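Single-structure report; data block below.
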Amino acid sequence: MEIIHITAECYPVAKAGGLGDVVGALPKYQCKAGHIAKVIMPMYRTAFLYASEWTVDFKGQANLGNWHFDFTIIKEKYNKLGFDLFLVDINGLLDRQKIYGYGDDTERFVAFQIAVVTWMKSWEHRPDIVHCHDYHTGLVPFFMQHCYDFQQLAGIKTIFTIHNAQYQGWMGWEKSRYIPRWDLWKRGMLEWAHSINPLASAVKCAYRVTTVSHSYLQELTSHSNGLEALFEYEKGKCVGILNGIDNEVWNPATDSYLSFHYTAKSVNAGKEQNKALLCSRFGLDPQKPLIVFIGRLVGEKAAELLPDAIAGAIHEMGHAASYLVLGSGEHDVEGRLTDMLMPFSGQFNAVIGYDEGLSHLMYAGADFLLMPSRVEPCGLNQLYAMRYGTVPIVRSTGGLRDTVSDMGDPEGFGIRFNQASVSDIIYSIGRAVHVYQSKDHLTRMRNWMMAIDHSWENTVEQFTRIYQA
Ligand code: ADP
Ligand code: GLC
């Protein structure tokens, strides 16, 4: 089958979180399975853009309301990523350094989607599947079915994958002028709660909707930032498919970011070497269990609990563990973590920012990875941690519930807790400190985790069945 993935992120081209990892890997493994998978995304000014060679695939014109714009679609020349990669260049709108966070993100992503459907319309053939990811591409199914200019595309089956339903792309009806000439009787297919809601529109218009874990799909009918009734109504077309991980990128035996490689057999020695490096870099004691957090410092990740939980654990247990945080996000949380650097120096350190290489070293060198998430549709961090023999400490929610078992269970390898609260986190850190002293138990857990297969091959098969249906 020919599958076109439309996305705002794709690793290593541009990544802000797990969406990038997923769209950087799924098409590659679909191609390996014999499909023709392609990715189209905005052309941001990222290192990958300048480090690669491109050919012009298409030049077109379109309108966003009254604004007439030219766009160019470029294609990566050498199939570096294992699939055809196309970027949409809209001068002044998409060619910026960051992926998100601009005042005109609505205009940027709507124009991107218009350019993509205009490009697809120009083809002589039709792809089998158009696979859209998250709200930035959520208007595409509507455009293909209900906009007069794209009627040729109406027969193509669309799949929408929800990586995160918290962000929905709401826009007021005054912006309906951005939508290319459409059948006004179909207003209901754009609307939710008196505004245009691209995520809701995609759930209504796509042929099938997938989410990135089973538990998250169930949670959406009770917690989905206002869309609960919609998910209840549409549940017949929704399926939970757990993400895979790219074992070629995330492999402690070959990881290009690591100086010390290891396998399940050499896990204790390998982790010790990586931990020593990490601890010397961040002024931490390598004899103590090392607990890390990697991720966006936002409410969904319960990141605002970290300062109190870490300070509280140090007060209650003394210097029983070391803590290292890597992340960026809400300024208040960043500030509170930075304020802790001096008073807790030697026990705690933090890097505010995004650092791909450091994240790999942290998965390899840490003993425990903390994820107190309030919402976690799938979560890749815990899957990477497991592959690197790092024990996940997680709140039981979404994909965390589906992938991490508690060490109290037979062959359990993680630490689970129920509430996103400071006291639950401190209690779980206490359990981590305790199990760290039992080296045999820790080694067994490391071996169990590292043997679990979360490779993409299995997931690709599940998507193929959905496409075929
Ligand atoms: P989400 O997509 O909700 O942020 P995921 O767990 O699915 O969460 O994926 C997060 C991805 O982003 C992982 O690959 C993680 O290692 C990476 N990541 C998050 N924050 C940082 C950071 N500050 N530096 C480096 N990598 C990060
Ligand atoms: C989202 C979710 C995360 C998931 C990722 C990839 O960013 O927050 O839980 O792992 O998408 O699907």
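The values are calculated or read from the model by the stated rules, or taken from the named source; none is laboratory data. Here the structure is a predicted model, which is why all the values come from computation and not from measurement. Using ideal geometry, Cβ is built from the backbone for each residue, glycine included, and neighbour counts are taken over all protein chains shown. To get the accessible areas, we keep the full protein, side chains included, count just its heavy atoms, and leave off ligands, DNA and RNA. Shrake-Rupley method; radii C 1.70, N 1.55, O 1.52, S 1.80 Å.
Structure data summary
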read-out	value
Answer residue from the range 182-191, given it is in contact (Cβ under 8 Å) with a residue 24 or more places away in the chain, open to solvent by 10 Å² or more (accessible area, probe 1.4 Å) and among the hydrophobic types (A, V, I, L, M, F, W, C) and is farthest from SER373 (Cα to Cα) among those	TRP182
Search result, residues across the range 284-312 that are open to solvent by 50 Å² or more (accessible area, probe 1.4 Å), over 17 Å from SER359 (Cα atoms) and outside any helix (DSSP H, G or I)	PRO286, GLN287, LYS288
One residue from TRP456, TRP448 being open to solvent by 30 Å² or more (accessible area, probe 1.4 Å) and among the aromatic types (Phe, Trp, Tyr)	TRP448
Subset of the range 238-264 (residues that are farther than 20 Å from THR443 by Cα, buried (at least 20 other Cβ atoms within 10 Å of the Cβ), of a type outside the set (A, V, I, L, M, F, W, C) and out of contact with any Phe, Trp or Tyr (no Cβ under 7 Å at 6 or more places or on another chain))	ASN243, ASP255
All positions within the range 136-169 that are part of a loop (DSSP other than H, G, I, E, B) and more than 16 Å from ligand 2 (Cβ to nearest atom)	LEU139, ALA154, GLY155, ILE156
Residue satisfying all of: in the range 387-398; on the phi < 0 side of the Ramachandran plot and open to solvent by less than 10 Å² (accessible area, probe 1.4 Å); nearest to ligand 2 (Cβ to nearest atom) among these	THR397
Residue in the range 328-347 that is of a type in the set (Phe, Trp, Tyr), open to solvent by less than 70 Å² (accessible area, probe 1.4 Å), in contact with a strand residue (DSSP E or B) (Cβ under 6 Å, 6 or more places away or on another chain) and modelled with pLDDT of 95 or more present	no
Within the range 216-225, considering residues that are in contact (Cβ under 8 Å) with a residue 40 or more places away in the chain and open to solvent by 10 Å² or more (accessible area, probe 1.4 Å), the one nearest to TRP170 (Cα to Cα)	ASN225
Those residues of the range 1-59 which are under 23 Å from PHE463 (Cβ atoms) and of a type in the set (Asp, Glu), in sequence order	GLU2, GLU9, ASP21
Condition broken by THR7, with the remaining ones in (1) within 16 Å of ligand 1 (Cβ to nearest atom); (2) within 22 Å of ALA115 (Cβ to Cβ); (3) open to solvent by 20 Å² or more (accessible area, probe 1.4 Å) satisfied	(3)
Unmet criterion (only one of (1) in contact (Cβ under 8 Å) with a residue 24 or more places away in the chain; (2) away from ligand 2 (no atom under 16 Å from the Cβ); (3) on the phi > 0 side of the Ramachandran plot) for HIS194	(1)
Residue ID - nearest to ILE99 (Cα to Cα), chosen from residues in the range 17-31 that are without any contact (Cβ under 8 Å) to a residue 60 or more places away in the chain and either more than 10 Å from ligand 2 (Cβ to nearest atom) or open to solvent by 10 Å² or more (accessible area, probe 1.4 Å) (or both)	PRO27
The range 375-391, residues that are assigned to a loop (DSSP other than H, G, I, E, B) and of a type outside the set (Val, Ile, Thr)	GLU376, PRO377, CYS378, GLY379, LEU380, TYR388, GLY389
Residue ID - modelled with the lowest pLDDT, chosen from residues in the range 407-417 that are over 25 Å from SER222 (Cα atoms) and either in contact with a helix residue (DSSP H, G or I) (Cβ under 7 Å, 6 or more places away or on another chain) or not in a loop (DSSP other than H, G, I, E, B) (or both)	GLU411
Hey, VAL394 within 16 Å of ligand 1 (Cβ to nearest atom) and either at pLDDT below 95 or in a strand (DSSP E or B) (or both) or not	yes
Any hit, the range 378-386, residues being open to solvent by 10 Å² or more (accessible area, probe 1.4 Å) and more than 8 Å from ligand 1 (Cβ to nearest atom)	no
Every residue from the range 350-374 that is crowded, with 22+ Cβ neighbours inside 10 Å, assigned to a loop (DSSP other than H, G, I, E, B) and within 13 Å of ligand 2 (Cβ to nearest atom)	SER373
